[in-house]
1. For B:156, A:254, A:220, which order do you get if you count the other beta carbons within 10 Å of each Cβ and list the fewest first?
2. Apply 1/(1 + (r/R0)^6) to the Cβ-Cβ distance of residue B:194 and residue B:234, taking R0 = 45 Å, and write down the FRET efficiency to the nearest 0.05.
3. Filter A:132/B:194; B:51/B:217; A:160/A:224; A:172/B:188 down to the pairs with a C-alpha to C-alpha distance above 19 Å, please.
4. Scattering from the C-alpha atoms of the stretch A:146-217 alone, worked out with Debye: what is log10 I(q)/I(0) at q = 0.14, 0.17, 0.28 1/Å?
5. So what is the diffusion coefficient of the stretch A:75-138 in µm² per second by Stokes-Einstein at 4 °C and 1.567 mPa s, using a Kirkwood Rh over Cα pairs?
6. How many nm separate the modelled label positions at residue A:165 and residue A:242, each set 7 Å beyond the Cα in the direction of the Cβ?
7. Give me B:204, B:249 sorted ascending by neighbouring Cβ count inside 10 Å, so fewest comes first.
8. Order of B:85, A:217 from fewest to most other C-beta atoms within 10 Å?
There are 2 protein chains.
Amino acid sequence: MTVSRRDLLKGSLPFMVGAALGGISGVAPRLVSGAEADKQMAVPQPPWPYKKLDSIAVAESAYDGYYTGACNYGVFESIIGALRKEVGFPYTAFPSAMMVVGEGGVAQVASLCGSLNGAAHAIFLITGGLDKKQREVPFALIQDLYNWYEQAPLPDYKPKNAKYQIVTSVSKSNLCHVSVSKWCKVAKVKSFSKERSERCAWLTAAVAKQTVDLLNKQADGAFKPTYAMSADVKACRSCHDQKGTIENTRAMMDCGGCHFTGKAPKHPKI
Amino acid sequence: MTVSRRDLLKGSLPFMVGAALGGISGVAPRLVSGAEADKQMAVPQPPWPYKKLDSIAVAESAYDGYYTGACNYGVFESIIGALRKEVGFPYTAFPSAMMVVGEGGVAQVASLCGSLNGAAHAIFLITGGLDKKQREVPFALIQDLYNWYEQAPLPDYKPKNAKYQIVTSVSKSNLCHVSVSKWCKVAKVKSFSKERSERCAWLTAAVAKQTVDLLNKQADGAFKPTYAMSADVKACRSCHDQKGTIENTRAMMDCGGCHFTGKAPKHPKI
């Protein structure tokens, strides 16, 4: 089989690449044949093939990745980069630099923690799909990861080349600015200090490690959710979430991270 | 130039594809030559070439996309899908179904609004890059989009095939559950109703339209930030953000969406 430059130019290459390389990596590309090929993607849709990874090696890579492309990129590229080496195509065909976008809770806005955003995208690329049924596994993995992030004292992994010693804190939120503030309070360190940046590098490593541990369990068919929503959150949701008497919101976040719950003397105003 | 099946198999194809197709799309692929080629990506890193789009057509596509793959996918695929048709490669090489991940504020967790997450990823893929200098334009576009989302009465676009009439609300937050709750309060509708889902479909269309309008302005060299942070937010940040006397957090979100500000009788506790 040969591919001429004319073939490349007229756009039939994506189909041929998919067909030729699909067999190597065990991927069955979902591509149409013929004239429609150039309108379709040259790479298969998720789920992409997974090979169990060394979560410590990935964590170390994520720590380095933080200082190259920040939190979101650090987690995503540490996992996808490892799979690029271990699996090859289609991971060779992903423009990982786009994942820099999640830096500092997306473009420095400090909304969703970038390490969690990157982890979610990696998990979905590896285990998800467009069909509703295909969303169940990645969503369960992501929800468990997010609950862990809210509940565990983090960062819980010390990189080999750590620059400073970093204390742990419990975020009670998946948001960048809340997570940062909670840590700054415990560490007694300013939010734009080098120590806070190093803390986020450790956190990037910790999230990458936890994500790989989850993906490895899923690959073994051994994944079970470990971090459940708290009783407080369930109490909030019993009124405010689906089928509750009020049903005026939706969330699987820790309500208490922003709204006073549990020990609060009265029902929170927000 | 011909490419044999052996070439495909030994992995030198990515470099050749990049080199051959780079000239068509105006992309200068950042790929190494020789033996390293198969370790690199088959597609160029961002920024990817942009051709100005019809924001109304994209909005309509986003509305439909919401009902296929939810909010994040709806925005992302409406833009990237349009560019797949208009530009071709490298957009043909992106597995858009991975963007389903942001559904309901990431995997139903109700954190960052999925339409905003999808928009950010599309903006960065088109205008961003790994180098710090390359992050400035996409981050400015994203920050303006996020401020618009927090401040404007939304949804501000009615799709042609709308199922219901939808009222507008002001979210004062980029978070899924906050945005949903604010709308439910105004609309007097439950959060898991068909009407709320339709509202999020409209919102997906509105965010896609606004994103394309921003990308078109940037393509014309005419982008200027329109939605600034409020005086209240600036007041919070003057103490709590970088170089403030307390410097214990970081955020460009509307503080007042969760923390009481402005008219509050006393400083918020959280």
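We did not get these values from a lab; they are worked out from the coordinates using the rules stated. As the structure is a prediction and not an experimental result, all values here were calculated from the model. Quick reminder, even Gly has a Cβ in these numbers, built from the backbone with ideal geometry, and neighbours come from all protein chains shown.
1. A:220, B:156, A:254
2. Calculated transfer efficiency: 0.70.
3. Check vs 19 Å cut-off fails for A:160/A:224; A:172/B:188.
4. Results for the stretch A:146-217 at q = 0.14, 0.17, 0.28 Å⁻¹ read -0.39, -0.58, -1.40.
5. Calculated translational D: 104 µm²/s.
6. About 4.7 nm, to one decimal.
7. With the sparsest Cβ surroundings first, the list reads B:249, B:204.
8. With the sparsest Cβ surroundings first, the list reads B:85, A:217.
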